[in-house]
Structure formats: structure tokens, C-alpha cells
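> Dumping the structure here so I can ask a few things about it.
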Amino acid sequence: MIEIQGLTKQYGQVRAVDDLTFNVQPGLVTGFLGPNGSGKSTTIRAIVGLDAPTSGTALIDGRRYRDLHRPLTEVGALLDAKAVHPNRSAANHLRWLAQSNGLPVRRVDEVLELVGLTEVAGKKAGSFSLGMGQRLGLAAALLGDPKALVLDEPVNGLDPEGIRWVRGLLKALAAEGRTILISSHLLSEMALTADRLVVIGRGKLVADTTTEEFIREHSVSTVMLRIDRAGEFALRLRALGIDPVESRDTAGRGILEISGSTTDEIGELAFNEGFQIRELTVRHASLEDAFMDSTGGAVQYQAHGRSGHQEEK
């Protein structure tokens, strides 16, 4: 288990992480989300011993990273896939990592095969594409067959097949009882991968819950209704305190979008009032909707207008 307790990190006048507390449980894939500048990278660096907390603790199975005797066997980390000597081959990069932690050399071949790099094991890492570099970074994280994984943007640069492979791998590792913390800006992929979410903004905890609960609590589903005499039905809805958004399809038929209601409620109301329904569907809330709703006030840089100029908040 990864335990973050009262973690605070101060850089001069900037408090990157502010009294942050959460646990990453074994047997689950935990997504770590937050806007740019929210403190995600600082928190991850504290977990793997690259940043010393100003106060608080970041522990792996009750120990600090620097106190682990052979850290690669306890926690595998991917923070920057480009942090590899460009003139060193993929195999040699993994061999020196293995030797530094007393791991058998055969493990190098095993992880190269696992991530699909066996055929390019002898090539220089500097010649790798972004996706290949990510696979090498994942191989390094898995080298010690660790009980915990901390991965920052692990699918960056991967093609759809590679993204799907990473998703399946992480779920399989979690099913073995391992502890997995994954940070990503690809919210659609996180919705498919993560069992739980830890969301932070401006260094503070915003949410620590299951993915389903987070989406349900921070967003609203929308009912889409295609109906005859849409304007009349819209007036009826407003009289009941429901405010639909009106539009028309390409054929000129009226469409109403209604937030905060269910298809059963709207369908029953339309039927009882004698309106002819042509289509009644629901657009379920997405993780992106929930994320924007919960972190909108914690965005450090926000674009305005067409110019794309940003204003620091």
C-alpha cells in the first residue's frame, strides 16, 4: 500500500502540495488526476524519493523509498521515459538497472518480451520513437516484479493497440494484488482503466472515491428528446420548473435537451400531456465532465477567447 499522510511541499513562496492525505490500496488501479500545476508530479516524486517533503510522509508499505533495500523489487516507477542514455541499447539500459538491484539478468529478456521490444533490444534508446520509449520505461518499471507501480502518463505516445495493452496489463497486475497508481491526462482512458480516483487541485485533495461515484457526484446526465410540437412541450416543462435547451435537427425537427431528469420522468410527462415522442435518449455524464466540474476552480492557467492568451490565477 502507498500511504500519503499530511504531505506538504514548499518551493520558496509556492506551496505545490498542501497537507495532502490519501491511500492507494492493493488490488486496485487508482487514477491520480488534477489540472496542470495541481501537484501531481510533486506528489509522485515524493513517493519515489526524488523530492523530500517539507512536512508529512509518503510511504510504501510503511517505509520511505530511500529506506528500501532493493527499491525496484518494491516499487516500479515511470516518470520520464526519455530519462535514458541515448547511446545505450534498450537491453543494456535494463541490464545495468538489474545489476544495481541484484536482479537476475534473465529478467531483462522477460520484460523486453512483455512490452514488445525483443526485436529492438540491441538498438540505441536514442533512436526510439515516443511510443517505444514508453514501452522501455514500462519495462524498467516492471523489471523487479514490484508489488507497487507508480506511473506518470504511461500511455503517452502509444498507438491504440498499445494503450489497450497497457490497460489490460494494469488490470491484470491489480488482480494479482499489486498496488497501482497511474497519472494521466487521457480522461477517457482513465475512465476505462481506474477502479478508484484520487483528484487534487492546487495541491489539495478534491476527491478520493470510486470512478463511478466520482462521475455520479460531480456531473449530471442529459436527456435528449426529439418530439413533435417541441416548443409547446418546452413551455410546459418550464411551467414545471424544468428548463430545457431547444434546438433543431437537420430536418428541422425540434430537439430538447434536459439536465437533471431521467428518461422515465420526461417520457411519462410527454405521454400524459399527449405529445408524440420521436426519440428519447440519455447522454450519460463522462469522467471529463465530472473532472471539469470538480476542478474548474483549481486550474492554474486558463485560456480566454480565440487568442489563446492565458491568465495566471
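> Scan the stretch 6-49 for residues that are in a strand (DSSP E or B), crowded, with 23+ Cβ neighbours inside 10 Å and among the basic types (Lys, Arg) and jot them down.
LYS9 - this is the single residue of the stretch 6-49 that is in a strand (DSSP E or B), crowded, with 23+ Cβ neighbours inside 10 Å and among the basic types (Lys, Arg).
> So which pairs qualify, if the first residue must be in the stretch 91-110 and on the phi > 0 side of the Ramachandran plot, the second must be in a loop (DSSP other than H, G, I, E, B) and at pLDDT below 95, the Cβ gap must be under 8 Å, and the two must be at least 6 apart or on different chains?
GLY102/ARG70
> List pairs: first residue in the stretch 58-81 and without any contact (Cβ under 8 Å) to a residue 24 or more places away in the chain, second residue surrounded by fewer than 22 Cβ atoms within 10 Å (Cβ to Cβ) and among the β-branched types (Val, Ile, Thr) anywhere in the structure, Cβ distance under 7 angstrom, at least six positions apart or on different chains.
Final answer for the pair search is TYR65/VAL48.
> Determine whether LEU151 is of a type in the set (A, V, I, L, M, F, W, C), touching a residue at least 40 places away in the same chain (Cβ under 8 Å) and buried (at least 20 other Cβ atoms within 10 Å of the Cβ).
Yes; evaluated as a whole, the condition is true for this residue.
> Taking interchain pairs and intrachain pairs at least six residues apart, which have beta carbon atoms under 7 angstrom, with the first residue in the stretch 154-182 and at negative phi and touching a residue at least 60 places away in the same chain (Cβ under 8 Å) and the second among the basic types (Lys, Arg) and buried (at least 17 other Cβ atoms within 10 Å of the Cβ)?
That search, which allows pairs on different chains as well, returns ARG178/LYS147; THR179/LYS147.
> Here is a check on your reading of the model: is GLU212 more than 15 Å from the chain's Cα centre (by Cα), at pLDDT below 90 and of a type outside the set (Val, Ile, Thr)?
Against the criterion (more than 15 Å from the chain's Cα centre (by Cα), at pLDDT below 90 and of a type outside the set (Val, Ile, Thr)), GLU212 does not qualify.
> Say whether the condition of being assigned to a helix (DSSP H, G or I) and among the charged types (D, E, K, R) is met by at least one residue in the stretch 123-139.
yes
> Something else: Out of (1) in a helix (DSSP H, G or I); (2) more than 16 Å from the chain's Cα centre (by Cα); (3) under 22 Å from ILE180 (Cα atoms), what's the single condition that is false for PRO146?
It fails just one condition, (1).
> What is the number of the single condition among (1) touching a residue at least 40 places away in the same chain (Cβ under 8 Å); (2) over 22 Å from LEU197 (Cα atoms) that VAL14 does not meet?
Going through the list (1) touching a residue at least 40 places away in the same chain (Cβ under 8 Å); (2) over 22 Å from LEU197 (Cα atoms), VAL14 breaks only (1).
The values are calculated or read from the model by the stated rules, or taken from the named source; none is laboratory data. This one's a predicted model, so the numbers in the text were calculated from it and none came from an experiment. Note that we place each Cβ from the backbone using ideal geometry, even for glycine, and neighbour counts take in every protein chain shown.
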